[in-house]
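Undergrad: So that we are looking at the same thing, I have put the structure below in structure tokens.
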Amino acid sequence: MQRLCSLSDLTPGEGTRIDTVSPPVAVFLTADGDVHAIDDTCTHQDASLAQGWLDGCAVECPLHASSFSLTTGAVDQPPARFGVRVHRVEVIDDVVWAELSDAPAHLPPGVSL
Ligand code: FES
């Protein structure tokens, strides 16, 4: 398990970019109090999904209209064609831990680790 941040670092309804891991991870605290972690970089272009708009359990990319599920990573519509990885999260004593996915990340063209 990888320590991502403190729960108190998160703002309900917003994302937080964690760049102490590679590739960076976006952590979200939903209005329902659930914590989710996905890859931060959109699969279409180099945009931070932590800067996107949270809508229920999905985040809309801040650059274009694609939206990613926080639970499955699936993308709902173009221009992004690939989903993002989802990382299993556990909150223990105010610390957000993640089991980072070992699946290959779908990074956009021009972005490398
Ligand atoms: S950069 Fe995310 S949909 Fe285009």
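Undergrad: Report in % the part of the accessible area of the stretch 2-99 that belongs to carbon and sulfur, leaving out ligands and nucleic acids; probe 1.4 Å.
TA: Summing carbon and sulfur atoms, their accessible area is 46 percent of the total for the stretch 2-99.
Undergrad: Looking only at E60, E99, E14, which one moves most when the chain is put into a Gaussian network model with springs between Cα atoms under 10 Å?
TA: E99
Undergrad: Also: When the chain is modelled as a GNM with alpha-carbon springs shorter than 10 Å, which of F28, F68, F82 fluctuates the most?
TA: Comparing F28, F68, F82 in the GNM, the peak value goes to F82.
Undergrad: On to the next question. At a Förster distance of 25 Å, what's the computed FRET efficiency of C57 paired with T20, Cβ-Cβ distance as r, to 0.05?
TA: 0.50
Undergrad: Roughly what % of Cα-Cα distances in the stretch 2-99 sit above 16 Å, to the whole percent?
TA: Value for the stretch 2-99 (Cα pairs over 16 Å): 47 percent.
Undergrad: Now, a different point. With every protein chain kept in place and ligands, DNA and RNA left out, what is the accessible area per residue of the chain? Probe 1.4 Å, answer in Å².
TA: Value for the chain: 53 Å² per residue.
Undergrad: Trypsin sites (Lys or Arg not before Pro), restricted to the stretch 45-113: which are DSSP loop and have at most 12 other Cβ atoms within 10 Å?
TA: R81
The values are calculated or read from the model by the stated rules, or taken from the named source; none is laboratory data. Remember, predicted model here, so these are calculated numbers, not experimental data. All Cβ positions, even for glycine, are placed from backbone atoms using ideal geometry, and neighbour counts span all protein chains on display. These area figures cover heavy atoms from the full protein model, side chains too; ligands, DNA and RNA do not enter into them. Shrake-Rupley method; radii C 1.70, N 1.55, O 1.52, S 1.80 Å.
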